[in-house]
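For reference, the structure is listed below as C-alpha cells.
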Amino acid sequence: MSGEMFDHGPEKGKALMDVLEGRMPWRRPAWFMRQAGRYLPEYRETRAKAGSFLDLCYDPELSAEVTFQPLRRFDLDAAILFADILLVPQALGAGLSFNAGEGPVLEPVRSMEDVLRLKPEGVADRLSSIYETVARISEGLPAHVALIGFCGAPWTVATYMVEGGGSPERLRTRMAAARGEEWFDRLVDIITEASIEYLARQVEAGADTVQVFDTWAGDLGDGLREKYVIRPFRRIVEGLGERGIDVPVIGFARGLGAAQEQFARESGVQCVGCSWPLPVDYMAEVLAPICPVQGNLDPVAVMAGDPYLREAVERIVRTIPRERHVFNLGHGFKPETPIENVERMVAWLREFDSADTT
Ligand code: 1CP
C-alpha cells in the first residue's frame, strides 16, 4: 500500500508529531478534516461497494482503503481514521441510522430513564472493528505520515443524542445544560468515560495522536463552557494519562471565538484547532505562545479557488511559525470541492512554507 503514496523516508520523521511535541518539523505538517469523503470519486465508489455509510465505517478493509485514498492523491503528513463520532452513541445503545439524503437519526435521550437504559459497560469492546481498521491503516502508511484517531467531544455527542440527530439550534440540549439537569450531567459523564476508553484502544492499535471534535462548542456561554467543554476535555486528557496513554491530544472546539484562549490554557490539550472566523493574527499572537495551533483555512476558499485560495494559504503560512502550526482547514471539505483546488492548495502551501524559512 505504501508504495503508492509519497514516501519521504524514515529519516525525515513525522512532521505532525514534531509540531505536537514541540520540535521543529522538516516541513509544515498538513492534513485536512474530511480529507476522505464525497469530493473524491474513489470514495463514492468504495462507499457504494460497502452498501451504507455505517457498513463502510465497520468494515476494516474498506474503511482503511478510504483512509488511504486522499494520501495517494495529495502529499500530506497525516491520515485520519475513517469512522464517525456517532459510533460511540450507537455502541452505548442509542441506535443510529443514516437515511439516504438525510443526516443521522438516533433514539433521543431526554430523561434519567433514557440515560439508565444506555449500556456503558463494555462499550469500547463493541467498537473492536474500529481498532482493527486503525491497525490496518497503521501498517500501510509511509514512515513520515502520522495516524490520527478521533472521537466526538462529550458536548457535541450529547447534542446528537438529546436531539435525536442533527439540529440547527440544539435548543433541547442547551436547555438541559442551562438548567443543570441531573440526567444530562450523567449522560455527559457516560460519554466522557466511553470516549477515554475508545481513544485509548485506538492508540493501542497504532494511532499516533487523537483529535477530539467539539463541533458545537460555540453553543455555550461563560459558566456552561467550563462545565461542558473545558472540564470534559480535561477529564479525557487526564483519563488517557491514567490509562497509561501518552499521546498528544488535538482539541477542535469550534466557534469559541475569544474563549479559544481559555480553551488553550485550561483544557489540557496539546494543540488547538481553529476555524476560519478566528483571525490568523490571533492564532499566531495569542494562541501559538500557549500551544501549537491547527487550521484555519476557510473550506469555501478551496471550493472557490484562486485568487482567494492562494491569498488565504499565503496569509496563514507567513503569519504562523512553522514549528507551532499544523496546516488544515477550519472545518471539513465540502462535497462540492474541486480536486484540482486541493492540489493547488497543497502546492501553494509547500511553496510558501519553503520560501518562509530559507
Ligand atoms: O454520505 C456519506 O458518505 C456520509 C458523510 C459522512 C462522512 C464522510 C459522515 C456522516 N461522516 C463522515 C466521516 C467523518 N465524520 C470523519 C472521517 C474522517 C475525516 O475527517 O476524513 C470524521 C472525523 C467525522 C466526524 C464527525 N461526524 C463530526 C465532527 C466533525 C465535523 O464535521 O463537524 C460530526 C458533527 C459528525 C456527524 C455527522 N456524520 C455524518 C454527517 C452528515 C454528520 C453531521 C450531521 C449534522 O450535524 O447534521
Complete set of residues in the stretch 270-298 that are under 23 Å from F333 (Cβ atoms), surrounded by 20 or more Cβ atoms within 10 Å (Cβ to Cβ) and not small (G, A, S): C271, V272, C274, L278, V280, M283, P292, V293, Q294, N296, L297
Residue match in the stretch 251-273 (condition: of a type outside the set (A, V, I, L, M, F, W, C) and free of Cβ contacts under 8 Å to residues at least 24 places away in the same chain): no
M161 being modelled with pLDDT of 95 or more, assigned to a helix (DSSP H, G or I) and open to solvent by 20 Å² or more (accessible area, probe 1.4 Å): no
Filtered residue count, the stretch 96-131, keeping only those that are in a loop (DSSP other than H, G, I, E, B), open to solvent by less than 20 Å² (accessible area, probe 1.4 Å) and away from the ligand (no atom under 14 Å from the Cβ): 3
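Pick from the stretch 183-220 the residues that are among the polar types (S, T, N, Q), within 21 Å of V162 (Cα to Cα) and part of a helix (DSSP H, G or I): which of them is nearest to the ligand (Cβ to nearest atom)?
Per the stated criteria, the residue is S195.
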Selection within the stretch 132-143 - open to solvent by 20 Å² or more (accessible area, probe 1.4 Å) and more than 17 Å from M5 (Cβ to Cβ): E132, A135
Residue match in the stretch 15-30 (condition: surrounded by 17 or more Cβ atoms within 10 Å (Cβ to Cβ), in contact (Cβ under 8 Å) with a residue 24 or more places away in the chain, of a type in the set (K, R) and not in a helix (DSSP H, G or I)): yes
Residue count for the stretch 221-253, restricted to those that are aliphatic (A, V, I, L, M) and within 16 Å of the ligand (Cβ to nearest atom): 5
Some residue of the stretch 167-177 being open to solvent by less than 10 Å² (accessible area, probe 1.4 Å), within 12 Å of the ligand (Cβ to nearest atom), at pLDDT 95 or above and among the β-branched types (V, I, T): no
Output for the stretch 71-95, where each listed residue is free of Cβ contacts under 8 Å to residues at least 40 places away in the same chain and not polar (S, T, N, Q): D84, G93, G95
Test: G37 is within 12 Å of the ligand (Cβ to nearest atom) and surrounded by fewer than 19 Cβ atoms within 10 Å (Cβ to Cβ): no
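The values are calculated or read from the model by the stated rules, or taken from the named source; none is laboratory data. Note that the structure is predicted; figures quoted are calculated from it, not measured. Here the Cβ is made from the backbone with ideal geometry for all residues, glycine too, and neighbour counts use every protein chain on show. Note: areas computed on protein heavy atoms with side chains; ligands, DNA, RNA excluded. Shrake-Rupley method; radii C 1.70, N 1.55, O 1.52, S 1.80 Å.
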